[in-house]
Amino acid sequence: MKILGLSIAAVCLAGTGANAQNISYEIYGGVALEDSSGLNYGGTNFAMDHGSTFGVGAYLDPIRGFEFGLDIMVTDRRYDGFVSGVETASLMVNARYPFAISSTIEGYVGLGLGVVDVKYDGNTAFPAFSGSDAVAGGQISLGASYALPRGQIFTELKYQEAFKDATIVGADVGYNSTSFLVGYRF
């Protein structure tokens, strides 16, 4: 969770020197969807149940037509039928391309690269195998936002993946997630 605290501080500091009209902040939550194809744990794929997703971001638009920023996201999903699961905290550097759908609705696509802290939570069943490992990862997002008088509400579909399995207490632990998110941008 150190990465989460440092990441939140980085997002807050990113906006301190920016022109107020060129920076936006967002907060979101949602659900990490079920995955019947599963994630690798020690050479075996286990199906994943749905779980929670929360995050914050800060974006600048220094080049007309593009946004660049930092995105911090945490997920928590359990292996289907088990109390153990995979929790993550990620920090991604993102580039987004917004496009108008109507006068009040804007769509966007985004790509991100960064680090994912993958944590295997053995819970009460396998506590000796709990641990974490930080690995490189990326994300792809597709979303739409609706303009309000003082901000925007948005919905987004985000796919995130670690580029390699994390090594936790001698076992390879895989991570990817598809999340449906709803948030507020100001």
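The values are calculated or read from the model by the stated rules, or taken from the named source; none is laboratory data. Given the structure is predicted, the values throughout are model-derived calculations rather than measurements. A quick note on method: Cβ atoms are made from the backbone with ideal geometry, for glycine too, and the neighbour counts reach across all protein chains shown. We work out accessible area using only protein heavy atoms, side chains counted, and drop any ligands, DNA or RNA first. Shrake-Rupley method; radii C 1.70, N 1.55, O 1.52, S 1.80 Å.
In the chain, taking the dipole from charged Cβ atoms about the Cα centre, the farthest positive-side position among Thr44, Tyr28, Gly69 is held by Gly69.
Looking at the range 24-185, the accessible area is 47 square angstrom per residue; that uses a 1.4 Å probe and ignores ligands, DNA and RNA. Only helical runs count toward this figure. For the chain, summing -39,500 (n - 2.57) over DSSP H runs of n ≥ 4 and dividing by all residues gives -2000 deg cm²/dmol at 222 nm.
Comparing mean-square fluctuations of Ala147, Ala166, Ala32 from a GNM of the chain with C-alpha springs under 10 Å, the top value falls on Ala147. Restriction of the trypsin sites (Lys or Arg not before Pro) in the range 69-178 to DSSP coil positions whose beta-carbon has at most 15 other beta-carbons within 10 angstrom yields Arg150, Lys164. Using a Gaussian network model of the chain whose springs link C-alpha atoms within less than 10 Å, name the residue from Gly151, Gly43, Gly122 with the highest mean-square fluctuation. So, out of Gly151, Gly43, Gly122, the one fluctuating most is Gly43. When you restrict to C-alpha pairs under 8 Å that are six or more residues apart and normalise by the size of the chain, the relative contact order lands at 20 percent. Rounded to the nearest 20 debye, the dipole size of the range 24-185 about its Cα centre is 400 debye, using +1 on the Cβ of Lys and Arg and -1 on the Cβ of Asp and Glu.
Measuring nothing but protein heavy atoms, the accessible surface of the range 24-185 at 1.4 Å probe radius is 63 percent carbon and sulfur.
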